[in-house]
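S.K.: Got a structure for you, questions after.
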Amino acid sequence: MEFSHYSVMLEECISGLAIRPDGIYVDGTAGGAGHSCQIAKRLTEGKLFALDKDPDAVSIAEQRLAPYAQATVIQADFKDLCCTLKERGITGVDGILLDLGVSSYQLDTAERGFSYHQDAPLDMRMSKTGPSARDLVNTYSVEDLSRIIREFGEEKYAWSIAKNIEKARAKAPILTTGQLAEIIRESMPYSARREKNPAKKTFQAIRIAVNGELDALSQVLDQAFDFLNPGGRFAIITFHSLEDRMVKQKFADFARGCICPPEFPVCVCGKKPRGTLVSRKPITPTEKELAQNRRSRSAKLRIIEKNKEG
């Protein structure tokens, strides 16, 4: 299957990064290289580093970015972007973009095991390495499964789903997405089963856990902001409330100045804002984009600029 990935809010991202022709930029989630290509074509003396931990994405990004001498493709997790670039002699960058969505290729390629729409091996590993969704589903305790499904999927039937997973795997291992989707469906009351995608929240939760997505995001936020040059911008596209809440709170903290109690007549903490929010509210897809790509409907783009020193 051709590697397809709709570049969500492409124009908004490129505009928000305020790209300089001589700047250094990082696309930490290259995917199908849609954002990366648009960044690269705006550079002259500048550089672009396109990272992705999915080897399939790296392969296609290398092909699509081949015309751009200013672009370098690296197989790496975005949580390691700072040390990855330092190894290449880069000590600061002018812009970082993270698109935290799952690519259409990953969802639509059955054997990757991300989708509940097709029966395929239960996998979900973006890097194709390490423990898979099959390992998680067949070895985690009921308590851990329930916590993951409840916290990462915000699924109110988490305990029932976890208990039924335990019952099913006691008879035989759960090996496919179809098996898991059916267990989830049978764990819900009839009214919930009629929903269009009753397995959506649980599959999301398991995918997040398998890939350590929230841990990676938590690790990268401070490191990446510190790695920005003064005036550099950090743009992140999120697709569910847990990610967006984390980014919103961290960006707000970067942009916050004095933290003295309100009753203090003057500031004694000396804290200055480290960044400025480019937009107070998240940027969301236009109606035109939603008509072209319904998968972008939950996307939110937040951008912060690092304040200039002095």
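S.K.: Mind checking which residues of the range 131-166 are open to solvent by 80 Å² or more (accessible area, probe 1.4 Å) and either of a type in the set (S, T, N, Q) or within 27 Å of Glu111 (Cβ to Cβ) (or both)?
M.R.: Pro131, Arg134, Thr139, Tyr140 - these are the residues of the range 131-166 that are open to solvent by 80 Å² or more (accessible area, probe 1.4 Å) and either of a type in the set (S, T, N, Q) or within 27 Å of Glu111 (Cβ to Cβ) (or both).
S.K.: Is it true that Pro173 is open to solvent by less than 70 Å² (accessible area, probe 1.4 Å) and either of a type outside the set (Val, Ile, Thr) or free of Cβ contacts under 8 Å to residues at least 60 places away in the same chain (or both)? Before you say what the answer is, go through the steps one by one.
M.R.: On the way: open to solvent by less than 70 Å² (accessible area, probe 1.4 Å): no; either of a type outside the set (Val, Ile, Thr) or free of Cβ contacts under 8 Å to residues at least 60 places away in the same chain (or both): yes.
For Pro173, the condition - open to solvent by less than 70 Å² (accessible area, probe 1.4 Å) and either of a type outside the set (Val, Ile, Thr) or free of Cβ contacts under 8 Å to residues at least 60 places away in the same chain (or both) - is not met.
S.K.: What number of residues in the range 179-193 are of a type outside the set (A, V, I, L, M, F, W, C), out of contact with any Phe, Trp or Tyr (no Cβ under 8 Å at 6 or more places or on another chain) and surrounded by 15 or more Cβ atoms within 10 Å (Cβ to Cβ)?
M.R.: Count: 3.
S.K.: Take Val26 and tell me if it is modelled with pLDDT of 95 or more, of a type in the set (A, V, I, L, M), under 17 Å from the mean Cα position of the chain (by Cα) and within 21 Å of Ala57 (Cβ to Cβ). Steps first, answer last, please.
M.R.: Working: modelled with pLDDT of 95 or more: yes; of a type in the set (A, V, I, L, M): yes; under 17 Å from the mean Cα position of the chain (by Cα): yes; within 21 Å of Ala57 (Cβ to Cβ): yes.
Criteria met by Val26.
S.K.: Give Asp119, Asp123 a once-over and let me know the one that is touching a Gly at 6+ places or on another chain (Cβ under 7 Å), at pLDDT below 95, assigned to a loop (DSSP other than H, G, I, E, B) and closer than 28 Å to Asp56 by Cα.
M.R.: Result of the check over Asp119, Asp123: Asp119.
S.K.: Going through the range 240-256 one residue at a time, which ones are more than 17 Å from Glu305 (Cα to Cα) and open to solvent by 60 Å² or more (accessible area, probe 1.4 Å)?
M.R.: Arg245
S.K.: Now, a different point. Taking into account only those residues within the range 97-117 that are under 20 Å from the mean Cα position of the chain (by Cα) and among the acidic types (Asp, Glu), which is surrounded by the most Cβ atoms within 10 Å (Cβ to Cβ)? Before you say what the answer is, go through the steps one by one.
M.R.: The first filter runs over the range 97-117 and keeps only residues under 20 Å from the mean Cα position of the chain (by Cα), leaving 97-109, 112-116.
Adding the requirement that they be among the acidic types (Asp, Glu) leaves 99, 108.
Details: Asp99: 27, Asp108: 17.
Checking each candidate, the answer is Asp99.
S.K.: Now, a different point. Just name the residue that is farthest from the chain's Cα centre (by Cα) out of those in the range 277-302 that are within 20 Å of Val102 (Cα to Cα) and of a type in the set (A, V, I, L, M).
M.R.: If we take residues in the range 277-302 being within 20 Å of Val102 (Cα to Cα) and of a type in the set (A, V, I, L, M), then Ala291 is farthest from the chain's Cα centre (by Cα).
S.K.: Out of Leu242, Leu217, I need the residue that is among the aliphatic types (A, V, I, L, M), under 30 Å from Val142 (Cβ atoms) and at pLDDT below 95. Which one? Break it down stepwise before answering.
M.R.: Working: Leu217 fails: at pLDDT below 95.
Result of the check over Leu242, Leu217: Leu242.
S.K.: I want to confirm something. Restricting to the range 288-310 and keeping residues that are without any contact (Cβ under 8 Å) to a residue 60 or more places away in the chain and farther than 18 Å from Ser104 by Cα, which single residue is most open to solvent (accessible area, probe 1.4 Å)?
M.R.: If we filter the range 288-310 for residues that are without any contact (Cβ under 8 Å) to a residue 60 or more places away in the chain, which is where we start, we get 288, 290-291, 294, 297-298, 310.
From the residues that got through so far, the ones that are farther than 18 Å from Ser104 by Cα too are 288, 310.
Details: Lys288: 147, Gly310: 125 Å².
This residue is Lys288.
S.K.: State yes or no: is Pro273 touching a helix residue (DSSP H, G or I) at 6+ places or on another chain (Cβ under 9 Å), more than 21 Å from Met9 (Cβ to Cβ) and without any contact (Cβ under 8 Å) to a residue 40 or more places away in the chain?
M.R.: Working: touching a helix residue (DSSP H, G or I) at 6+ places or on another chain (Cβ under 9 Å): yes; more than 21 Å from Met9 (Cβ to Cβ): yes; without any contact (Cβ under 8 Å) to a residue 40 or more places away in the chain: yes.
Yes, satisfied.
The values are calculated or read from the model by the stated rules, or taken from the named source; none is laboratory data. What you see is a predicted model, and the numbers here were worked out from it, not measured in a lab. So basically every Cβ, Gly included, is an ideal-geometry build from the backbone, and we count neighbours across all protein chains shown. Accessible surface areas use protein heavy atoms only, side chains included; no ligands, DNA or RNA. Shrake-Rupley method; radii C 1.70, N 1.55, O 1.52, S 1.80 Å.
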